[in-house]
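A short write-up of the structure that comes next.
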Amino acid sequence: MLELVAFLLPIAAASGWFAAAKHYQNRQKNDGADRLNRTCLRSIDFLLAEKTEKAIDAFVDILEEDRDTVETHIALGNLFRRKGEMERAISIHQGLMGKPALNAEHRARVLFELGMDYMRAGLFDRAEKAFTGLTEDRIHREPAMQQLLQIYQHEREWLKAVECTRAISKLGKIQRGESVAQFHCEMAEEALAAGQTERAMDHVQTALQQDDACVRASLQKARIERSQKNYGLALQTLKNIEKQNSAYVVEMIGPLRECYDYLGDAKEQVLYFQYLFDKYHLEAVMLILAELINRSDGTEQAIAFLSEALAEHPSIKGMSHLIALHMRRAKADCHSTFAELERLSVRLSNEKMCYQCTHCGFRGVELHWQCPGCHHWETIKPMASAL
Ligand SMILES: [Zn+2]
């Protein structure tokens with residue numbers, strides 16, 4: 001269908017030019033219109049001979065200041081872009097830009113489309129240049145900045161992304177949940193990877209100032225505090241995540257446990273995990289509680305806790321854990337049966353997807369703060385962990 005449209009559009013455009021040329025000829029009766037007519041005929045000849053490149057060149061050559069003609073050229077270029085024929089799209093739009101007769105309004109419009117061509121072709125440096133040239137244009141300022149924001153994220157230029165997000169926020173709407181806080185978290189991540197803890201902490205604090213509900217910043221803050229052996233502070237930072245966004249409570253479980261283990265407050269640990277389990281029925285918390293009870297009160301107590309918890313909140317991982325506990329006290333002749341059961345249940349539990357994007361439905365086993373599917377920020381949430 002696109003092929004047909006691609007073929008018909010230039011013919012329709014040529015017909016338009018014919019009409020325009022005829023009108024022009026009647027009015028002016030000059031040699032220019034004759035030239036236009038001849039070029040149109042030549043273009044159609046090229047099209048019929050399937051020499052699309054030459055036809056496009058001919059169309060670009062006959063550009064007049066007439067508004068419809070410019071619009072048709074833009075549409076033709078856009079059509080090639082949608083078809084993925086980027087060289088042709090760029091060639092048409094570049095051809096238009098090269099015309100001195102183009103008025104300012106059309107020039108801005110064509111520059112935007114050219115920027116979109118470069119984006120689609122993956123030529124981000126050229127796209128950035130095109131869109132930067134439109135940031136003072138009244139009509140194209142906001143869409144150009146939205147595109148620049150995408151480029152900066154793709155190129156991981158987070159400071160520029162911060163400035164751009166702030167500027168767009170003043171003008172209109174942020175499209176994909178981009179936030180200054182998330183970009184500071186990205187910079188914190190880079191600083192941590194480079195071993196620059198202080199710089200990382202600065203970015204984390206800025207992220208929290210920008211968005212006090214930023215769970216990612218709290219997780220990073222607790223990570224830095226743990227690395228500096230400030231386990232008490234880390235514990236408070238982690239507990240705050242529940243107030244920030246309870247959908248991410250499961251993410252604080254591992255670090256929380258590390259803090260409690262270091263601080264050696266086993267009783268407080270059991271109490272807090274019991275509170276979390278009663279409130280959120282999280283599988284990960286149930287397993288930790290079973291392990292803590294096993295450690296403090298023995299296998300029988302752990303089995304009793306897990307059996308009761310599983311009766312109300314069934315889970316494959318919980319069952320696998322229960323089998324493992326039974327196996328510890330099983331007689332030798334039953335051991336291989338329990339081992340087989342445990343192996344099967346572990347396989348089943350490993351097949352579960354853990355995270356899902358609330359915007360596009362993308363599923364994965366890792367937590368991404370920016371969805372790899374739709375590129376929205378903070379739309380991926382833990383799933384299948386609550387029982
Ligand atoms: Zn998504």
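The values are calculated or read from the model by the stated rules, or taken from the named source; none is laboratory data. Since the structure is predicted, the reported quantities are computational estimates derived from the model, not experimental observations. Glycine gets a Cβ as well: all are built from the backbone with ideal geometry, and neighbour counts include every protein chain shown.
Filtering segment 261-290 to residues that are without any contact (Cβ under 8 Å) to a residue 24 or more places away in the chain and acidic (D, E) leaves D261, D265, E268, D278.
Does segment 126-141 hold any residues that are outside any loop (DSSP other than H, G, I, E, B) and crowded, with 17+ Cβ neighbours inside 10 Å, and which are they? Scanning segment 126-141 gives A127, E128, A130, F131, R141.
Name the single residue that is modelled with the lowest pLDDT among those in segment 364-387 being away from the ligand (no atom under 14 Å from the Cβ), closer than 10 Å to C354 by Cβ and aliphatic (A, V, I, L, M). Checked segment 364-387; the qualifying residue modelled with the lowest pLDDT is A384. Within segment 224-233, the residues that satisfy the criterion of being farther than 14 Å from Q269 by Cα and either crowded, with 18+ Cβ neighbours inside 10 Å or not basic (K, R) (or both) are I224, E225, R226, S227, Q228, N230, L233.
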